[in-house]
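Some notes on the structure that comes next.
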Amino acid sequence: MDLEALHAMSLQLRRDVVEMVYRTKDGHPSPSFSVADIITALYFEVMNIDPSNPDKSDRDRFVLSKGHACPVLYAALARRGYFPVDDLYTLRYLHSKLQGHPYAPKTKGLDATTGSLGNGVSIGLGMALAARIQKQTNRVYVITGDGELGEGMIWEAAMAASHQKAANLTVFIDNNNYQSGGTVGEVSGPYPIEDKWKAFGWHTQSIDGHDISQILQAVENAKAETERPSAIICKTVKGNGVSFMVGENSWHKRVYTDEEYRIAMKELGGVL
């Protein structure tokens, strides 16, 4: 896809999230919006994947460590062709394949079960090392939230990845400066984020996490690194794309009213 098409897809994924949350009356919309452009770049341009053969051994892997943002991941999987778009409207239903956090055994296209924050980098590292042992060239991508950086397990994995020279592992840090309980600085300040990853021996970049061209270039830079794992700190905005969601942290988990639904869809370019 060209950049214009990728931008259009990122808006489509956001609209899908609004529709899912509005219809099912549950879900985490604003954490989904802050990673929508990263997800778009990965699933529609970067990753070597094949929806017709979702278990092919040499596919790239993706781990959504901040599992509560799964609505946008489900939207990407549906739009990529892993399952019908109408399945999105069963989000969080009893026995649905689309649970409130990613559950790989139920959902075609998922590589990892996540939900307990802090686990994704370790899972991704395991996948990256397994690929190297098997002499495969696939890459592993992880998205973690900045609030998650308070989890010690992330830094254990960061240390191990650097020691193992896991250059096929790339971690995106969704730096929207919020978590469910407030700003990350108020809860447990992770700053300076870039300096911390550098200190752990990672190839580190800081970008605008809503600029798809920057995301794509950062991925290319990560691929060019042959000795170190890569950390891409993405400056993002929680609720990006819908005016009344930006700066209002109640949208971490909240349901749209009829009027909010109409406004959100209109701002995202939807047709009502």
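The values are calculated or read from the model by the stated rules, or taken from the named source; none is laboratory data. Just so it is clear, the model here is predicted, and its values are computed rather than measured. Every residue, glycine as well, gets a Cβ built from its backbone with ideal geometry; the counts of neighbours run over all protein chains shown. The protein model used for the area step is the full one, side chains on, heavy atoms only, and it has no ligands, DNA or RNA in it. Shrake-Rupley method; radii C 1.70, N 1.55, O 1.52, S 1.80 Å.
Things to note:
- Residues that are free of Cβ contacts under 8 Å to residues at least 40 places away in the same chain number at least 1 in the following helices (runs of 4 or more DSSP H) confined to region 1-119: 3-24, 70-80.
- Restricting attention to region 45-67, the residues being open to solvent by 30 Å² or more (accessible area, probe 1.4 Å) and either under 27 Å from A231 (Cβ atoms) or among the hydroxyl-bearing types (S, T, Y) (or both) number 7.
- One residue stands out among those in region 155-172 that are part of a helix (DSSP H, G or I) and either under 15 Å from the mean Cα position of the chain (by Cα) or without any contact (Cβ under 8 Å) to a residue 40 or more places away in the chain (or both): the one that is farthest from Q134 (Cα to Cα), which is E156.
- Region 205-217, subset within 30 Å of M159 (Cβ to Cβ) and small (G, A, S), residue surrounded by the most Cβ atoms within 10 Å (Cβ to Cβ): G209
- Filter pass, S34 being at pLDDT 95 or above, open to solvent by less than 10 Å² (accessible area, probe 1.4 Å) and either among the small types (G, A, S) or within 24 Å of I232 (Cα to Cα) (or both): yes
- Test: I207 is in contact with a Cys (Cβ under 8 Å, 6 or more places away or on another chain) and either among the aromatic types (F, W, Y) or not in a helix (DSSP H, G or I) (or both): yes
- K97 basic (K, R) and either buried (at least 18 other Cβ atoms within 10 Å of the Cβ) or at pLDDT below 95 (or both): no
- Of residues in region 173-183 being open to solvent by less than 70 Å² (accessible area, probe 1.4 Å) and under 18 Å from the mean Cα position of the chain (by Cα), the one nearest to H68 (Cα to Cα): Q179
- Residue in region 8-27 that is farther than 21 Å from F83 by Cα and acidic (D, E) present: no
Results for (1) within 22 Å of G67 (Cα to Cα); (2) surrounded by 19 or more Cβ atoms within 10 Å (Cβ to Cβ); (3) modelled with pLDDT of 95 or more, shown as yes or no for each residue.
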site: G118; (1), (2), (3): yes, yes, yes
site: M127; (1), (2), (3): yes, yes, yes
site: R132; (1), (2), (3): no, no, yes
site: H163; (1), (2), (3): no, no, yes
site: V171; (1), (2), (3): yes, yes, yes
site: E194; (1), (2), (3): no, no, yes
site: W197; (1), (2), (3): yes, yes, yes
site: H203; (1), (2), (3): no, yes, yes
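- Residue that is surrounded by the fewest Cβ atoms within 10 Å (Cβ to Cβ), among those in region 75-91 that are touching a Lys or Arg at 6+ places or on another chain (Cβ under 9 Å) and within 21 Å of K25 (Cβ to Cβ): V85
- Scanning region 218-247 for residues that are assigned to a loop (DSSP other than H, G, I, E, B), open to solvent by less than 80 Å² (accessible area, probe 1.4 Å) and at pLDDT 95 or above gives E225, P229, T236, V237, K238, G239, N240, G241, V242, V246.
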